[in-house]
Amino acid sequence: MNVVFFGSPSTARTSLDRIIKAGFTVRLVITQPDRPAGRGKRLRPSQIKLCALENGIPLLQPGRIRKDPEALELLKRLRPDLNVVVAYGQIIPASLIYLPQFNSVNLHFSLLPAYRGAAPVQWALRQGEEETGVTIFELDEKMDEGPILARRHVAIHPEENALELEDRLAQIGADLLVETMGRIRDLKPEPQDHGLATYAPLIKKEDGRIDWSLPAVSVDRQVRAFNPWPSTFTFQGGRRLKILRGQVPGTGDCPGGMPGQVQAVTPEGIDICCGDGLLYRILSLQPENKPAMSAHAFSLGAHLRSGDSWD
């Protein structure tokens, strides 16, 4: 089977590596243009570009694929059997979606129709889901609404963050994608129930600011959901602190403590009062313009005491 692959981040590379290893012929890789990154803003290639170069696969990096006639003409010449899309990051026009013999399939990191959109892993964690999954579906001209070819359920681990869950889903999704491609001629797509749809919109930086008046479990979900990006943050003495990892202790409350108030500082971490009267224990954090460190190490340098307030 001849394939054209669309994708960009490392989670997409997991699928591309697996497709190549499975023996499918990847005729072309389409990925995002190199982006400036780091303090020096040097151009950095996507993981998909690196994979294509390492494997000698022709590469295309259109700025806006919807307005790039070169992409359409190239695919017409290649005559692929299937387009495979994994976290590409651009809207693919109908002229490309329906061009191959088996059209185009997409790997999405949720159990569609739940969590359609750009950030399904993050919002599943933020909403406190205990289960998510991966879905292979046929692309159409609407966002994540095409008929389903295959799904696989995945339990969310209790302290798993977005990076860890996404990496795990990438492995599971790559396996399911290769299985689906091998059976593509025999599968009957099943329409989604649009009445059950939920959405996972783009995340904004401000979504990461902690509101200590929320219940402790909600703070915990937020920290897990937005690690590594945009990260959760709070302010202590005017300093911005990224909260990297924490937990809701099995026991412990803060009688009389106000939300955001430090209840205790111990070698285990920093206990903060939340709006439901329970504690959230910070295990590791990163002060602005400084490296990540344990909460205990930070408390020693900051001379943190019980009763101090965070906002």
In this structure, is R240 over 18 Å from L125 (Cα atoms), of a type in the set (K, R) and not assigned by TED's automatic domain parsing to the domain that holds A124?
-> yes
Only one residue in E164, E206 is under 15 Å from the mean Cα position of the chain (by Cα) and part of a helix (DSSP H, G or I), so which one is that?
-> E164
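Just to be sure I understand, how many residues within the stretch 1-29 are under 20 Å from the mean Cα position of the chain (by Cα), closer than 20 Å to L75 by Cα and either of a type outside the set (A, V, I, L, M, F, W, C) or part of a strand (DSSP E or B) (or both)? Can you show your working first?
Within the stretch 1-29, the first condition is being under 20 Å from the mean Cα position of the chain (by Cα), and the residues that meet it are 5-18.
Okay, now just the ones that are also closer than 20 Å to L75 by Cα, so 5-8, 16.
Checking which are either of a type outside the set (A, V, I, L, M, F, W, C) or part of a strand (DSSP E or B) (or both) leaves us with 5-8.
So the count comes out to 4.
So which residues in the stretch 118-152 are farther than 30 Å from Y98 by Cβ and part of a strand (DSSP E or B)?
In the first step, residues of the stretch 118-152 are kept if they are farther than 30 Å from Y98 by Cβ; the result is 122, 124-131.
E131, the sole residue that qualifies.
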Pull up the stretch 210-227, narrow it to residues that are under 15 Å from the mean Cα position of the chain (by Cα) and either of a type in the set (S, T, N, Q) or at pLDDT below 95 (or both), then point me to the one that is farthest from G275 (Cα to Cα).
-> N227
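Among E206, E190, which is acidic (D, E), in contact with a strand residue (DSSP E or B) (Cβ under 8 Å, 6 or more places away or on another chain) and surrounded by fewer than 17 Cβ atoms within 10 Å (Cβ to Cβ)?
On the way: E206 fails: in contact with a strand residue (DSSP E or B) (Cβ under 8 Å, 6 or more places away or on another chain).
None of the others qualify; the one that does is E190.
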Please identify the pairs in which a residue from the stretch 17-40 that is among the basic types (K, R) has its Cβ atom under 9 Å from the Cβ atom of a residue that is surrounded by fewer than 20 Cβ atoms within 10 Å (Cβ to Cβ) and not in a loop (DSSP other than H, G, I, E, B), counting only partners at least 6 apart or on another chain.
-> R18/Q171; R18/D175; R18/V178; K21/V178; R27/N2; R27/L78; R35/L43; R35/R44
Those residues of the stretch 16-46 which are out of contact with any Phe, Trp or Tyr (no Cβ under 8 Å at 6 or more places or on another chain), at pLDDT 95 or above and surrounded by 15 or more Cβ atoms within 10 Å (Cβ to Cβ) amount to D17, R18, I20, A22, F24, R27
Given the conditions (1) in contact (Cβ under 8 Å) with a residue 24 or more places away in the chain; (2) surrounded by fewer than 20 Cβ atoms within 10 Å (Cβ to Cβ); (3) under 14 Å from S306 (Cα atoms), report the number of the one that R239 does not fulfil.
-> (3)
Does P62 satisfy the condition of being assigned to a loop (DSSP other than H, G, I, E, B), farther than 28 Å from D175 by Cβ and not aromatic (F, W, Y)?
-> yes
Sort out which residues of the stretch 1-58 are closer than 16 Å to Q90 by Cβ and aliphatic (A, V, I, L, M), and write them in order of number.
-> V4, A12, L28, V29, I30, I48
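The values are calculated or read from the model by the stated rules, or taken from the named source; none is laboratory data. Model, not experiment: these values are computed from the prediction. For neighbour counting, all protein chains shown are included, and Cβ atoms are generated from backbone atoms with ideal geometry for every residue, glycine included.
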